[in-house]
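What follows is calculated from the coordinates using simple rules that are stated; it is not laboratory data. Owing to the predicted nature of the structure, the values given are computational and were not obtained by experimental measurement. We place every Cβ from the backbone using ideal geometry, glycine too, and count neighbours over all the protein chains shown.
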Amino acid sequence: MLNDIKYELQYILSGKSEVKHGNIIQTIASYLKRSEKTSRLASKEKSFKNKETLELINWINSNNFWYDTIDFNLFVSEGAEQKVYLKDDNFVLKLNDSIYYESWLDYFHNLLLNNYFFPDTAYELIGFYMKSDALYAVVKQRFVKLDQLTDLREVKSFLGNNGFENIRNNDYYNPFLGIILEDLHDENVLTQKGILYFIDTVFYVKPEVFWK
């Protein structure tokens with residue numbers, strides 16, 4: 001069963017299998033992979049990400065995929081990696097500049113993994129926004145109103161039952177899948193009617209394990 005999950009995830013990140021709201025994310029990820037002329041090792045260099053960003057902007061321009069109808073008066077919160085705004089009573093918009101990731105491709109893989117594991121809070125990529133020469137992905141996500149504080153022991157138990165080991169603080173790792181899941185504190189996992197909702201996930205893959 002674990003092999004089946006791993007193969008399914010490999011197919012999703014390769015754009016060969018469907019996942020909720022995954023089509024446009026997979027399309028852009030495939031474009032960036034085709035555009036790469038350097039090795040994945042080079043993705044650790046700042047110059048690589050700068051070049052990747054230019055390639056991404058070319059795609060956005062060619063496909064008219066800018067999003068500029070954000071109501072900045074509906075600001076909700078801001079963290080190191082993203083800004084959050086209300087869209088309506090049911091959804092929020094999140095602007096993410098991929099600062100937590102060595103490449104935009106890694107960020108898009110994070111979205112796909114989130115949408116596989118947590119479809120109730122799946123990200124829908126609806127466009128991109130540019131401000132002060134910084135490029136932001138604009139994603140739409142269900143607005144979850146918590147009705148009780150999240151018990152992090154329940155988060156640990158839930159993830160443990162799904163093969164994720166707690167490696168430190170609020171960070172987890174699935175050794176079979178080669179997937180890291182970080183920063184799951186009680187502001188990133190909300191509880192509503194006794195159900196956990198993962199609203200801000202930071203997924204990474206260990207290539208040497210995930211693609212094996």
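Measure up Lys131/Lys206; Lys20/Lys212; Lys87/Lys156; Lys94/Lys145 against 22 Å on the Cα-Cα distance and list the ones that go over. Intermediate values should be presented prior to the final figure.
Values: Lys131/Lys206 32 Å; Lys20/Lys212 25 Å; Lys87/Lys156 31 Å; Lys94/Lys145 16 Å.
With Cα atoms farther than 22 Å apart: Lys131/Lys206; Lys20/Lys212; Lys87/Lys156.
Assuming 0.36 nm per residue, please report the length gained on full extension of the stretch Phe158 to Asp120 beyond their Cα-Cα distance.
Values: separation 38, 0.36 × 38 = 13.68 nm, distance 1.54 nm.
Extra length from Phe158 to Asp120 when fully extended: 12.1 nm.
By the count of other C-beta atoms within 10 Å, a proxy for reagent exposure, Glu187, Glu102 are ordered fewest to most as Glu187, Glu102.
Only Cα pairs under 8 Å and 6+ residues apart enter the sum, and on that basis the relative contact order of the chain stands at 18 percent. Between Arg142 and Ala80, full extension at 0.36 nm per residue minus the direct alpha carbon distance yields a gain of 20.2 nm. Placing R0 at 25 angstrom, the Cβ-Cβ distance between Met130 and Glu187 gives a FRET efficiency of 0.35 after rounding to 0.05.
At 222 nm, what value in deg cm²/dmol follows for the chain if DSSP H runs of at least 4 each add -39500 (n - 2.57) and the sum is divided by all its residues, to the nearest 500? Intermediate results must be reported in sequence, preceding the final value.
Details: 6 runs with 70 residues, N = 212.
Value at 222 nm, helices only: -10000 deg cm²/dmol.
For Glu8 and Asp171, what is the calculated FRET efficiency with R₀ set at 30 Å and r taken between the beta-carbons, to the nearest 0.05?
Details: r = 24 Å, r/R0 = 0.80.
Calculated transfer efficiency: 0.80.
Relative to the current alpha-carbon distance between Asp71 and Arg34, full extension at 0.36 nm per residue lengthens the span by 9.9 nm. Among Asp106, Asp151, Asp200, determine the one that fluctuates most according to a GNM of the chain built with springs between C-alpha atoms less than 10 Å apart. Of Asp106, Asp151, Asp200, the Gaussian network model singles out Asp151 as fluctuating most. What translational diffusion coefficient, in µm²/s and rounded to a whole number, does the Stokes-Einstein relation yield for the chain at 37 °C and a viscosity of 0.692 mPa s, taking the hydrodynamic radius as the Kirkwood radius over Cα pairs? D, rounded to a whole number, is 183 µm²/s.
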